[in-house]
Amino acid sequence: MIRSLLSSILVILLFSASFAGRTVQFTLKNGMVVILKENHAAPLVAGIVYVRAGSKFEDETNNGFTHFLEHLLFNGTGKRDRLAINEGVKDIGGYINAFTRKDLTAYLFVVPSRHAESALDLQSDQLFNSILPETEFPKERNIVIEEIRKDYDNPAYRAEMYFDSLIYRGTSFARPVLGPIDVIATIPRDTVLRYYRNHYRPNNMIGLFIGDFSIEEFSGLIDKYYGSVSAGPVPLYKPIPVRPPYGDTVHIRRAPTKNTHVHMVFPAPHFRDPDYYAYDMMARLLDSGESSPLYKALTDRSQPLVNEMSVYLETDQDFSLLHFDAVAAGPQYVDQIVSLVNRVFADIAQFGVDQGRLKRAVVRVKTENIYQEERLHYYGMLVASKIVNCGYAFLQDYIRNLSQVKADDVRRVAGKIAAEREYLAMAVIPEKGEDD
């Protein structure tokens, strides 16, 4: 069974390698960083441009500007109206979209490779020449305000906002990506236009282009459509240190929800710290489904303590945090869950953390990367934050660095977490009278 599985994985790796081509990174004269990845598995090309603009770069007066601007950039340029942007890509069999996060905004397309130049022309025009028509503001305001209301009607989102308010207390990370309704409802065009001109400079962007093309030919098109735009001054980035209020107290908020949400965060090393990969591997082992020692500890009983859980390592350019997130079986289990999570770190050596399990984790990472790369723009979405925060070299070396983690490294960092007992525990539970 194991031999058959490894043979299948080898076939996948070889099959992928036969279609995957070269990867190069270079910087245009205007400062825009460009990554080109050949992938000849299908006659498609995807382009994802990341702008260093997100809610972490905002303040109380302009919270929500970045996401609102993302919407506005689909409404016209000097030579294309809204229909030409949105329907033009569809007319050539393509797809166009965008998304905003705390640390970035991304604009993407997927088109048949024969139409790649048309898509580059459109995307660069959208990024650098949008006119933000005043006539489109009422429509986009209503759309974004409805998004905000919809999110606030979601108990899971409200729980996330509460957790963020504690984890990132006193920093811009605590602010929501969508912003408050009163800011969106009153935002003037000239202020948004100034924000657009300040942030949407080529030297504030990274472009990832992946698909069925020749690097030599495609790099010329990139220079033609993106390299002709002049660089400009961009806002000075100031590091954002995040220090959650660690302690033994479990912070609890009651809310109109039927589920109990539990969240814990632990300090983790910066991505340049050698121990970063040991923490990453530990997070992957704890998030490995039914084989996870943490999942077993929380569910291997007549009454499971959680209905679902996840463990992940958050990586920013300024900090890292180890997260545990769960939907509990009931509010009465919150303290027990927190206690068990801490106990698993202390007892991790008893859960069979050996080199074989680490190798299997690396294989999973490799195959997941292969699957995602074949989906082109999904890969660009998956690696967005790592490219912007850590650089593409981090991704290139990631699997090699993860492969060097030893079982003793995982046991050592787990023991460090257990010994230091620095954590922030939070829960959102149903209001009195609510059932789970």
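The values are calculated or read from the model by the stated rules, or taken from the named source; none is laboratory data. These numbers were taken from a predicted model, which means no experiment stands behind them. Virtual Cβ from ideal backbone geometry, glycine too; neighbours counted across all protein chains shown. What goes into the accessible areas is simple: the full protein's heavy atoms, side chains included, and nothing from ligands, DNA or RNA. Shrake-Rupley method; radii C 1.70, N 1.55, O 1.52, S 1.80 Å.
What the table shows:
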{"read-out": "Chain lengthening between THR249 and SER214 when straightened (0.36 nm per residue, less Cα-Cα)", "value": "6.9 nm"}
{"read-out": "Karplus-derived HN-Hα couplings along the stretch 31-38 (A = 6.51, B = -1.76, C = 1.60, θ = phi - 60°), whole Hz, x at Gly and Pro", "value": "x, 6, 8, 10, 10, 10, 10, 6"}
{"read-out": "0 to 90° range, to nearest 10: angle between helix 334-346 axis and the chain longest Cα axis", "value": "90 degrees"}
{"read-out": "Acute angle (nearest 10 degrees) that the helix 155-167 long axis makes with the longest principal axis of the chain, alpha-carbon atoms", "value": "80 degrees"}
{"read-out": "Label-point separation in nm, SER228 to ARG169, each point 7 Å along Cα→Cβ", "value": "5.3 nm"}
{"read-out": "Estimated inter-spin distance, GLU422 and ALA156, nm [label 7 Å along Cα→Cβ]", "value": "3.1 nm"}
{"read-out": "On Cα atoms only, tilt of 137-152 relative to the major axis of the chain in degrees", "value": "10 degrees"}
{"read-out": "Whole-number Å³ per residue for the convex hull built on Cα positions in the stretch 7-156", "value": "180 Å³"}
{"read-out": "Radius of gyration and Dmax over the Cα atoms of the stretch 344-436, both given in Å", "value": "18.4, 53"}
{"read-out": "Longest to shortest principal axis, alpha-carbon extents of the stretch 254-360, angstrom", "value": "41, 32, 21"}
{"read-out": "Carbon/sulfur fraction of accessible area - the stretch 79-178, other protein chains in place, 1.4 Å, %", "value": "49 percent"}
{"read-out": "Pairwise label distance in nanometres, PHE99 with GLN396, each label 7 Å out on the Cα-Cβ vector", "value": "2.6 nm"}
{"read-out": "Unit charges on C-beta of K, R, D, E only; dipole of the stretch 298-343, Debye", "value": "320 debye"}
{"read-out": "Positive-pole candidate from GLY47, ILE215, ASN129, dipole of the chain, charges at beta carbon", "value": "ILE215"}
{"read-out": "Cα-based equivalent ellipsoid, the stretch 120-179: semi-axes from gyration tensor eigenvalues, Å", "value": "30, 17, 10"}
{"read-out": "Cα-only Debye scattering, the chain: base-10 log of I(q)/I(0) at q = 0.07 Å⁻¹", "value": "-0.40"}
{"read-out": "Ranked by how many other beta carbons lie within 10 Å on average, peptides 379-388, 34-43 from highest", "value": "379-388, 34-43"}
{"read-out": "Sites LYS139 and LEU382 - FRET efficiency at Förster radius 41 Å, r taken between beta-carbons, to 0.05", "value": "0.85"}
{"read-out": "Solvent-free Debye scattering, log10 I(q)/I(0), computed from the Cα coordinates of the stretch 169-248 at q = 0.11, 0.17 Å⁻¹", "value": "-0.57, -0.96"}
{"read-out": "Hull shadow area, averaged, the stretch 216-297 [alpha-carbon convex hull, nm²]", "value": "12.8 nm²"}
{"read-out": "Segment GLN25-THR367, extension gain: residue separation times 0.36 nm, minus the distance between their alpha carbons", "value": "120.8 nm"}
